[in-house]
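One structure is given below, encoded as structure tokens.
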Amino acid sequence: MTRNPFRIDVHHHILPEEYISALTSINIKESARVAFPEWSVENSIAFMDRRDISAAIVSVSAPGVFFDDAEFARKLARRCNEFSARLIRDHPRRFGAFAVLPLPDVQASLLELEHALDTLNLDGVGLLSNYNGQYLGDPAFTDLYAELNRRKAVVFVHPNTLPDAMLPKTKVSPAIMEFVFDTTRAVANLIYSRTLRRYRDIRFIFPHAGGTVPYLTWRISMGEQGIIKQLKQLYYDIALSATPYALRSLQELADPSHLLFGSDYPFFPESLLTIMLESVENFDGFDEQTRIDVERKNALALFPRFSNY
């Protein structure tokens, strides 16, 4: 017997034609050295149906919209956000969206934030861990933190690679290792810059089980009292991380109500998601209620409009 879709996917990417065309025009055809996959609304919905996903909160992945041209970034962010708004209007029960902002241009980002949340009614904001090496927590972004805090915004932080000149010269794809390291750098910088302490009403989601944050919790917390408490206030999705190796460490750190389901569709083969889902089902650290909470209930606290669907 087929069951109704129930999962809420907080890590689900869109690659609209206008986004791919814009990046192709400046010769960008990949994310973290991984070629952009084919994507369509229909394929997203079909994937969701196959994987019992009732709703997905979509976002634009790395490399984002800023490529040393502020006007290009501003226009592309607006086009992506307008696309997301149309997607939600067409499929209100299936999709929410995190707005993309044209950072590091803070003033343009504040204007786009207002449009995205107040006019388009998007569900939150998507940021990258760094912008050309400028990490979240940088004081240049202070006005943005203040506005996100005022709104009690849900902010999904996706890892970004550093500029090529700053990347280690290894044979390992940045998507495998640098992404999780960059998430860790962003979390640590938000803590050590005291951004998390000052702006406690921003509800941050960090993907891939927080990168290496759970494993490095003790080292990160050596700076001062209260850091572990700040780490426990963050939300973590389990995209591409739902194995005992990562989950046991994450479970030691995170508030159980702050664990979220994420797929990272469409950047990795669906076969990996099969392994991930089986691992969650078989993980002896989760009882049945915890699995339900991770896969659906915890997300409803952030996105309550989906509670009726």
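Quick notes on this one:
- Förster-model FRET efficiency, 35 Å R0, ARG248 and ASP164, C-beta, rounded to 0.05: 0.50
- Label zone of ALA301 (point 7 Å out along Cα→Cβ, amide N under 15 Å): in region 182-225 this covers 201-206.
- Sparse-neighbourhood loop sites, trypsin sites (Lys or Arg not before Pro) in region 25-61 - DSSP loop, at most 15 other Cβ within 10 angstrom: LYS29, ARG33
- Extension gain from ILE20 to GLU82, taking 0.36 nm per residue of separation minus the Cα-Cα distance: 20.8 nm
- Comparing LEU111, LEU260, LEU136 in a Gaussian network model of the chain where C-alpha atoms under 10 Å apart are linked, the largest mean-square fluctuation is found at LEU111.
- Efficiency of FRET between ASN308 and LYS171 - r from beta-carbon atoms, R0 35 angstrom, step 0.05: 0.10
- Our note on the geometry: Cα centres of region 251-292 and region 81-150, 26 Å apart.
- Summing charges over neighbours of ALA73, with a neighbour being any other residue whose Cβ is under 10 Å away from its Cβ, gives -2 when K and R count +1 and D and E count -1.
- Considering only beta bridges that DSSP places wholly inside the chain, some 15 percent are antiparallel.
- Efficiency of FRET from Cβ geometry, ARG50 and GLU224, R₀ 30 Å, rounded to 0.05: 0.05
- Relative compactness, region 7-308, computed as alpha-carbon Rg over 2.2 N^0.38 Å: 0.93
- For the chain, the relative contact order comes to 18 percent (Cα pairs under 8 Å, sequence separation of at least 6).
- Sparsely packed GluC sites (Glu not before Pro) within region 245-309, loop by DSSP, other Cβ within 10 Å at most 12: none
All of the numbers you see were taken from the coordinates with simple rules; none came from a lab. Just so you know, these numbers come straight off a predicted model, no measurement behind them. Cβ coordinates were reconstructed from backbone atoms using ideal geometry, including for glycine residues, and neighbour counts include every protein chain displayed.
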